[in-house]
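Chemist: Below are the structure tokens for one structure; questions will follow.
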Amino acid sequence: MPAQNKTNADKKSACSKAVDYSQAEINKQLTPEDKVELYRQMVRIRKFEQISLKYYNQGVMGGFLHLYIGQEAVAVGTCSLKGDHDHYITTYRDHGHALALGMNMNECMAELFGKATGCSKGKGGSMHFFAPDKNYWGGHGIVGGQTPLGAGLAYGVKYLGHKGSCLCYMGDGAINQGAYHEALNLAGLWDLPVIFIIENNGYSMGTSQKRSSAHPEEGLAARAEGYGIEWDVINGENIYEVRAKTWEAMERAHNESRPTVLEIDTYRYYGHSVADANAKKYRSKEEIERYQREHDPLKIWQNILIEEGHLTEDEAKQIDKEAKEEALASAKFAEESPYPEVADIMDDIYYEVDRGTDKAKHGKYFFND
Amino acid sequence: MPLITYRQALNEALAEEIERDENVVLIGEEVAEYNGAYKVTEGLWAKYGDKRVVDAPISEAGFIGMGVGASMLGVRPVMELMFWSFAYVAMDQMINNAATVRYMSGGLINCPIVVRGPANGGTNVGATHSHTPENLFASMPGLKVVVPATAYDAKGLMKAAIRDDDPVYVMENTLLYGEKWEVPTNDELEEGELVIPLGVADLKREGTDLSIIAHGRCVIESLKAAEVLKHDHGLDVEVLDLRSIRPLDEDAILATVRKTNNVLLVDENRPFCGVSSMIATIIQEKAFDDLDGPIMRVNTIDAPAIYSPGVEPHQLPNVDRIVAKVLDMQISK
Ligand SMILES: Cc1ncc(C[n+]2csc(CCOP(=O)(O)OP(=O)(O)O)c2C)c(N)n1
């Protein structure tokens, strides 16, 4: 359990130590192959990001690169619960959820390179991955700005008469934005099947959670109480716990159309983004190393699988190797892909213009064209 | 053809679209039980119920953002802002999310939301409640901005806005809500319905000596000014109503300029970086040789809205200011 969050843990999931989440109904349904698959997904995210970091440092990508390394169990655990009408939306730290929801590494890597073959045709970049066909609604750059959208997706699920939910992720810094509180109020008031997931990695850029959020000892999710919304705190390095408690919230959404706020404690190994020049200043070297040594979700899950007899060290190495090859191949694909054309700048702004319908002939949509 | 108010026309448009498409839902502060702060949604909640007409808390960023999210999934929310001045509270959702999600997703996501409500000064409610922000939103690619000047246009444009697959922001005018115009019933129309395509300007008055280009309530003031100029000064003024700011009917603008060779822009935006600045630039770039004199403008006087009922009418474009400006231009017939 991350040290700075011990108090949160005290509040709700201290008892979780005593609970064996592997025995939760949703986890008992996992076959050994499913469990190994969860491991593979986590490894794929890590390799994808390690390779992207390498290329970022070579200067072939623009913009920011917010790495998810250290937090993989959160995306993989929660995304593994997706049903037909469960929707996902997150902030700019969005690669992990994208891959966990089944996006292809090629289209993701190409997006980082700004290539026409990218998932958003090179128009979005690292912070703006989308795959609506996989119920993935992005990738949003304004801290907290995606939280009303998440409530809206849940509103849509309910309005359209589906039995589903929206999982809306954010960082611990986002919970101080007004939009988040408005979204919570609407979710509580209108019984929206939304699950707000605070991925608490302890820091927003260089500011520790303790220095940014009032009343931290209660736990960040506890603010939900003011809106009559259920909440919980989860140990984000244990995939069994992530799945069991998130599923509980999803069932509340599916069956009662009620929202939940979950705070999932986790840690990021790298800086806020690769451009974070202070990455090593606001956290001690010891702290980072301790997390990597004792709290790495990949190692923890690997050990569990080995203990349970579903995986050998050699098999783990093989999974590692394959994921690395896949990531390298995606970088090659991205490198060899073309940039969009300058004329493409004007596509994807207006629906009818893209489709060349009669409507598009009325008026001018763009000046100086 | 029945004479109905601008407000009734909007109400009819909303009702017809609710009936036509089960995914259309009205959301806003006081739109349901209270029947609308300006009574545009009167009777709709009683008729269509809680699912289709929804009262929102005073929470513009929250509920507009929620509408954007729901629209991505296929709901077609029509959101009411009590005043467009409050759009500033929801600006992040209206610009960073609604306007850009289609682009940033490489065209994967549509956002068919409508945001509507009154945007205007002239009701003596001071600076925070009198904004006319069409220039701000029209400057953002991805958004469409519509400003109806009559009941006829209000009905037709609102229906088109709701059917549109992009975010459309409809700016109504409180001072026009109670005014009446002829609006055909659906039975009287060959097409069966009044739907006015966005991006088509309307020549509200033909003339040969001068083109006034305007939108919203300024069209009405310009038409009155044109009558005065005809009657008292023998000037034959043409009035072009833009109806939508984006998409903008550039062809109609250039056509009227080429016809009369004199242009006055009348625009409730302030002059600095306003809609009229943009239109003046277009004319200068594309029809400079057709001009007999400089392009002139009547805008809202460039200060925050003054409260004083004795003064505010003079801050806005009005008949007197328009007539005076035209006479200043010394147009030769
Ligand atoms: C409204 C807004 N303010 C500031 C920023 C710049 N910014 C981007 S990420 C970030 C830190 C957010 O931290 P947190 O929400 O805890 O998420 P984490 O990065 O830890 O995942 C800041 C300040 C922004 N993108 N949006």
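The values are calculated or read from the model by the stated rules, or taken from the named source; none is laboratory data. The shown structure was predicted, so the numbers you read here are calculated from the model rather than taken from an experiment. Neighbour counts run over all protein chains shown; Cβ positions are idealised from the backbone, glycine included.
Chemist: Pull up the range A:150-176, narrow it to residues that are within 16 Å of the ligand (Cβ to nearest atom) and in a strand (DSSP E or B), then point me to the one that is surrounded by the most Cβ atoms within 10 Å (Cβ to Cβ).
Modeler: Looking only at the range A:150-176, we keep the residues that are within 16 Å of the ligand (Cβ to nearest atom), and these are A:150, A:167-176.
Restricting the remaining residues to those that are in a strand (DSSP E or B) gives A:167-171.
Numbers: A:Leu167: 29, A:Cys168: 32, A:Tyr169: 28, A:Met170: 26, A:Gly171: 25.
Filtering the range A:150-176 for residues that are within 16 Å of the ligand (Cβ to nearest atom) and in a strand (DSSP E or B), the one surrounded by the most Cβ atoms within 10 Å (Cβ to Cβ) comes out as A:Cys168.
Chemist: For the range B:80-98: of the residues being within 21 Å of the chain's Cα centre (by Cα) and free of Cβ contacts under 8 Å to residues at least 40 places away in the same chain, which is surrounded by the most Cβ atoms within 10 Å (Cβ to Cβ)?
Modeler: Quick first cut of the range B:80-98, residues within 21 Å of the chain's Cα centre (by Cα) only: B:80-91, B:93-95, B:98.
Filter once more, so that each one left must be free of Cβ contacts under 8 Å to residues at least 40 places away in the same chain: B:86, B:89-91, B:93.
Working: B:Phe86: 18, B:Val89: 18, B:Ala90: 26, B:Met91: 15, B:Gln93: 32.
Residue satisfying both the conditions and the ranking: B:Gln93.
Chemist: Would you confirm, using the coordinates I've provided, whether A:Ile142 is hydrophobic (A, V, I, L, M, F, W, C), within 24 Å of B:Ala99 (Cβ to Cβ) and either more than 8 Å from chain B (Cβ to nearest Cβ) or outside any loop (DSSP other than H, G, I, E, B) (or both)?
Modeler: Working: hydrophobic (A, V, I, L, M, F, W, C): yes; within 24 Å of B:Ala99 (Cβ to Cβ): yes; either more than 8 Å from chain B (Cβ to nearest Cβ) or outside any loop (DSSP other than H, G, I, E, B) (or both): no.
Here the answer is no, as A:Ile142 does not meet what is asked.
Chemist: Against the conditions (1) out of contact with any strand residue (DSSP E or B) (no Cβ under 6 Å at 6 or more places or on another chain); (2) within 13 Å of the ligand (Cβ to nearest atom); (3) within 12 Å of chain B (Cβ to nearest Cβ); (4) free of Cβ contacts under 8 Å to residues at least 60 places away in the same chain, where does A:Gly96 fall short? Just the number, please.
Modeler: With respect to (1) out of contact with any strand residue (DSSP E or B) (no Cβ under 6 Å at 6 or more places or on another chain); (2) within 13 Å of the ligand (Cβ to nearest atom); (3) within 12 Å of chain B (Cβ to nearest Cβ); (4) free of Cβ contacts under 8 Å to residues at least 60 places away in the same chain, A:Gly96 is out only on (3).
Chemist: Determine which single condition A:Glu217 fails, assuming it passes every other condition in (1) part of a helix (DSSP H, G or I); (2) within 16 Å of the chain's Cα centre (by Cα).
Modeler: Going through (1) part of a helix (DSSP H, G or I); (2) within 16 Å of the chain's Cα centre (by Cα) one by one, A:Glu217 breaks only (2).
Chemist: Ok, one more. Which of the residues belonging to the range A:241-287 are among the polar types (S, T, N, Q) and either in a helix (DSSP H, G or I) or in contact with a strand residue (DSSP E or B) (Cβ under 8 Å, 6 or more places away or on another chain) (or both)?
Modeler: A:Thr246, A:Asn255, A:Thr260, A:Thr266, listed by residue number.
Chemist: Quick check: anything in the range B:217-227 charged (D, E, K, R), part of a helix (DSSP H, G or I) and surrounded by 17 or more Cβ atoms within 10 Å (Cβ to Cβ)?
Modeler: Within the range B:217-227, one or more residues are charged (D, E, K, R), part of a helix (DSSP H, G or I) and surrounded by 17 or more Cβ atoms within 10 Å (Cβ to Cβ).
Chemist: Here is a follow-up. Quick check, is A:Ser126 of a type in the set (Ser, Thr, Tyr), modelled with pLDDT under 95 and either closer than 15 Å to A:Ala221 by Cβ or within 16 Å of the ligand (Cβ to nearest atom) (or both)?
Modeler: Spelling it out, it is not the case that A:Ser126 is of a type in the set (Ser, Thr, Tyr), modelled with pLDDT under 95 and either closer than 15 Å to A:Ala221 by Cβ or within 16 Å of the ligand (Cβ to nearest atom) (or both).
Chemist: Would you call A:Ala187 in contact with a helix residue (DSSP H, G or I) (Cβ under 9 Å, 6 or more places away or on another chain), within 14 Å of chain B (Cβ to nearest Cβ) and within 12 Å of the ligand (Cβ to nearest atom)? Spell out how you get there, then give the answer.
Modeler: Values: in contact with a helix residue (DSSP H, G or I) (Cβ under 9 Å, 6 or more places away or on another chain): yes; within 14 Å of chain B (Cβ to nearest Cβ): yes; within 12 Å of the ligand (Cβ to nearest atom): no.
Spelling it out, it is not the case that A:Ala187 is in contact with a helix residue (DSSP H, G or I) (Cβ under 9 Å, 6 or more places away or on another chain), within 14 Å of chain B (Cβ to nearest Cβ) and within 12 Å of the ligand (Cβ to nearest atom).
Chemist: Would you call A:Gly77 within 16 Å of the ligand (Cβ to nearest atom), among the small types (Gly, Ala, Ser) and surrounded by 17 or more Cβ atoms within 10 Å (Cβ to Cβ)?
Modeler: no
Chemist: A follow-up question, please. Only residues in the range A:261-272 that are at pLDDT 95 or above count as the first member; pair them with residues that are assigned to a strand (DSSP E or B) and within 11 Å of the ligand (Cβ to nearest atom), Cβ under 6 angstrom, at least 6 apart or cross-chain, and list the lot.
Modeler: So the pair list comes out as A:Glu263/A:Ile198; A:Glu263/A:Asn200; A:Ile264/A:Glu199; A:Asp265/A:Asn200; A:Thr266/A:Glu199.
Chemist: Here's a follow-up. Taking the condition within 28 Å of A:Ser120 (Cα to Cα), more than 14 Å from chain B (Cβ to nearest Cβ) and not basic (Lys, Arg), does A:Glu315 pass?
Modeler: Taking the combined requirement at face value, the residue does not satisfy it.
Chemist: Output the qualifying pairs, or none if there are none: Cβ atoms under 6 angstrom, residues six or more apart or on different chains, first residue in the range A:319-344 and closer than 20 Å to A:Cys119 by Cβ, second residue among the hydrophobic types (A, V, I, L, M, F, W, C) and not in a helix (DSSP H, G or I).
Modeler: Close Cβ pairs (under 6 Å, with a partner that is among the hydrophobic types (A, V, I, L, M, F, W, C) and not in a helix (DSSP H, G or I)) amount to A:Pro338/A:Ala116; A:Pro340/A:Ala116.
Chemist: While we're on this one: Select, from B:Gly178, B:Gly192, the only residue that is more than 27 Å from B:Asp290 (Cβ to Cβ) and without any contact (Cβ under 8 Å) to a residue 24 or more places away in the chain.
Modeler: Sole residue among the options that is more than 27 Å from B:Asp290 (Cβ to Cβ) and without any contact (Cβ under 8 Å) to a residue 24 or more places away in the chain: B:Gly192.
Chemist: Hey, another quick one. Condition check: outside the structural domain of B:Asn269 (by the TED database), out of contact with any Cys (no Cβ under 7 Å at 6 or more places or on another chain) and either within 30 Å of A:Asp84 (Cβ to Cβ) or buried (at least 22 other Cβ atoms within 10 Å of the Cβ) (or both). Does B:Pro77 satisfy that?
Modeler: Yes: the conditions hold for B:Pro77.
Chemist: Report yes if some residue within the range A:293-301 is more than 16 Å from the ligand (Cβ to nearest atom), within 14 Å of chain B (Cβ to nearest Cβ), surrounded by 14 or more Cβ atoms within 10 Å (Cβ to Cβ) and not aliphatic (A, V, I, L, M); otherwise report no.
Modeler: Checked against the condition, which is being more than 16 Å from the ligand (Cβ to nearest atom), within 14 Å of chain B (Cβ to nearest Cβ), surrounded by 14 or more Cβ atoms within 10 Å (Cβ to Cβ) and not aliphatic (A, V, I, L, M), the range A:293-301 yields no hits at all.
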